[in-house]
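First the structure, in the form of structure tokens, and then the observations on it.
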Amino acid sequence: MRLFSLLIAFLLCVPWTTNSAAEKPNILLIVSDDHGWGDVGVNGCKDIPTPHLDSISRNGVRFTSGYVSGPYCSPTRAGLMTGRYQTRFGHEFNPGPAPAALKSFGLSLNESTLPAKLKAAGYATGMVGKWHLGYEPEFHPLSRGFDEFFGFLGGAHSYVNAAADNANPIMRGRQSVAELEYLTDAFRREAVAFVEKHAKQSWFLYLPFNAVHGPMDGAARYNHRFADLTGGRKTYATMLTAMDEAIGAVLAKIRELGQEENTLVLFTADNGGPLGNSSSNGPLRGHKAQTWEGGIRVPFMAQWKNTLPAGKVYDQPVIQLDFHTTALAAAGVSPNPQSKLDGVNLLPYLKGEVASDPHEALYWRFGKQMAIRMGDWKLVKAANVDGAQRSDIIRDLAGAELYNLARDIGESTNLADKEPEKFKQLAGAWAKWNEGNAEPSWFPGQRNAKRKKQ
């Protein structure tokens, strides 16, 4: 009895908490760049194996209708970091190149970010990779919620020459570094190190690769694996393989540390494959910078062993904005209602606790282009556009086309004339949503005469 009483007294003195940082799951958010929907094994890719990416869906959930809110780089990232359609705060377009971008370019300081929210909840927050959300100090990752940063601030970077762009250097924190490794391998090294460093605390790692975005600097050590491929597709294959193996290394480290069941892994591309890098969007129409499916539907997966079902295929439309809200929910963080998040917590849907669709509709505005998906139906106004044509926003829906994606994933049969009521329904819903959007804060091609160097 005396021993029992001493044990009870000891337990009463221990500072137990019910929601400490140590009890929160780790969160790994991976983004690939210019990665076509068709260039993942689980989406049907035959010529480029992606075993580590495939393992995420094999151990978790593959989303067949996973979308991004912007058809190219910076807008998608702005939506991901805020959980809100980026058009709500004017982040509709990419900036110019680093030396010429407007000083005002960057993720709005009025918006709260995912890392800032997780940091406030006790997480160690790190980023390894491509930022593309501002060059000035106030927009730097370390100013937006990250404790650690290794990568570059611009939209693209050489994989083999760290000094290729003096205005857009490889950085550790706020200091430029002379990186010698192939850049995807350097990101692999840094991501593994972050996971190992923070093994005894809850961490959030944002890992946005620049692979497989240009310049097309192949990882030559993989050439022998693709003897049957030639030209750009072979180069692309080596770059994709380097990224897949980097992802595999991070997943292996998590497994080695015994944290696989305590880590939520999220993966998306930032947009569909573009013209020019030999990517494939599979059966989808269009490409990067278009609101056809090929520009906005992307590889999309989630894994959380023993929490999410393994091998689940989820067909309802979702969007990268949902990853923001899902990560907060996993961490036990209740978003501030004033944030007005557009993303949805996907966990109850994936666990079968909620049977309805996560979204009534998904929306896009990109300059003179638009789209809305509602159930199987999609209304879209897209075009082959260049920067000059994008320097305006859509003013009407004349000429928009209507497709049933369940029957026509390639958007080949326009049903606008045959389904006028469905056209009217989707057009009305999009117009109402668009009322909540802001004018773009900048347009492509706008340049800043002098921008201070890092």
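Quick check on Leu284: is it of a type in the set (A, V, I, L, M, F, W, C), touching an Asp or Glu at 6+ places or on another chain (Cβ under 6 Å), buried (at least 17 other Cβ atoms within 10 Å of the Cβ) and in a loop (DSSP other than H, G, I, E, B)? Yes; evaluated as a whole, the condition is true for this residue. Contact map, the range 57-75: residues that are farther than 30 Å from Phe443 by Cβ paired with residues that are assigned to a helix (DSSP H, G or I) and of a type in the set (Ser, Thr, Tyr), Cβ distance under 9 Å, separation 6+ or inter-chain. Pairs shown: Phe63/Ser57.
Given the condition part of a strand (DSSP E or B) and of a type in the set (Val, Ile, Thr), answer yes or no: does some residue in the range 113-129 qualify? Working first, answer last.
Step one: list which residues in the range 113-129 are part of a strand (DSSP E or B), which gives 124-129.
After this cut, where a residue has to be of a type in the set (Val, Ile, Thr) as well, the list is 125, 128.
Taking every residue of the range 113-129 in turn, at least one turns out to be part of a strand (DSSP E or B) and of a type in the set (Val, Ile, Thr).
Run down Phe187, Phe150, Phe204 and say which single residue is in contact with a Gly (Cβ under 9 Å, 6 or more places away or on another chain), in a strand (DSSP E or B) and surrounded by 23 or more Cβ atoms within 10 Å (Cβ to Cβ). Talk me through it step by step, then tell me what you get.
Working: Phe187 fails: in a strand (DSSP E or B); Phe150 fails: surrounded by 23 or more Cβ atoms within 10 Å (Cβ to Cβ).
Exactly one of Phe187, Phe150, Phe204 is in contact with a Gly (Cβ under 9 Å, 6 or more places away or on another chain), in a strand (DSSP E or B) and surrounded by 23 or more Cβ atoms within 10 Å (Cβ to Cβ), namely Phe204.
If only residues of the range 7-39 that are assigned to a loop (DSSP other than H, G, I, E, B) and among the charged types (D, E, K, R) are counted, the one that is modelled with the lowest pLDDT is Lys24. Quick check on Gly276: is it touching a residue at least 40 places away in the same chain (Cβ under 8 Å) and surrounded by fewer than 24 Cβ atoms within 10 Å (Cβ to Cβ)? Considered against the rule, which asks whether it is touching a residue at least 40 places away in the same chain (Cβ under 8 Å) and surrounded by fewer than 24 Cβ atoms within 10 Å (Cβ to Cβ), Gly276 comes out as yes. Counting residues in the range 62-77 that are at positive phi and either at pLDDT below 95 or in the same structural domain as Thr326 (by TED's automatic domain parsing) (or both) gives zero. When the range 189-220 is filtered for residues that are small (Gly, Ala, Ser), more than 18 Å from the chain's Cα centre (by Cα) and within 22 Å of Pro169 (Cβ to Cβ), the ones remaining, listed by number, are Ala193, Ala219.
Determine whether Tyr123 is among the aromatic types (Phe, Trp, Tyr) and out of contact with any helix residue (DSSP H, G or I) (no Cβ under 9 Å at 6 or more places or on another chain).
Numbers: among the aromatic types (Phe, Trp, Tyr): yes; out of contact with any helix residue (DSSP H, G or I) (no Cβ under 9 Å at 6 or more places or on another chain): no.
No: the conditions fail for Tyr123.
Hey, does the range 23-39 have a residue that's in contact with a helix residue (DSSP H, G or I) (Cβ under 6 Å, 6 or more places away or on another chain) and hydroxyl-bearing (Ser, Thr, Tyr)? So far as the range 23-39 goes, no, none of its residues is in contact with a helix residue (DSSP H, G or I) (Cβ under 6 Å, 6 or more places away or on another chain) and hydroxyl-bearing (Ser, Thr, Tyr).
Examine the range 262-280 for a residue that is at pLDDT 95 or above, hydrophobic (A, V, I, L, M, F, W, C) and in contact with a Lys or Arg (Cβ under 7 Å, 6 or more places away or on another chain), and state whether such a residue exists. No, the range 262-280 contains no residue that is at pLDDT 95 or above, hydrophobic (A, V, I, L, M, F, W, C) and in contact with a Lys or Arg (Cβ under 7 Å, 6 or more places away or on another chain).
The values are calculated or read from the model by the stated rules, or taken from the named source; none is laboratory data. Here the structure is a predicted model, which is why all the values come from computation and not from measurement. Note that we place each Cβ from the backbone using ideal geometry, even for glycine, and neighbour counts take in every protein chain shown.
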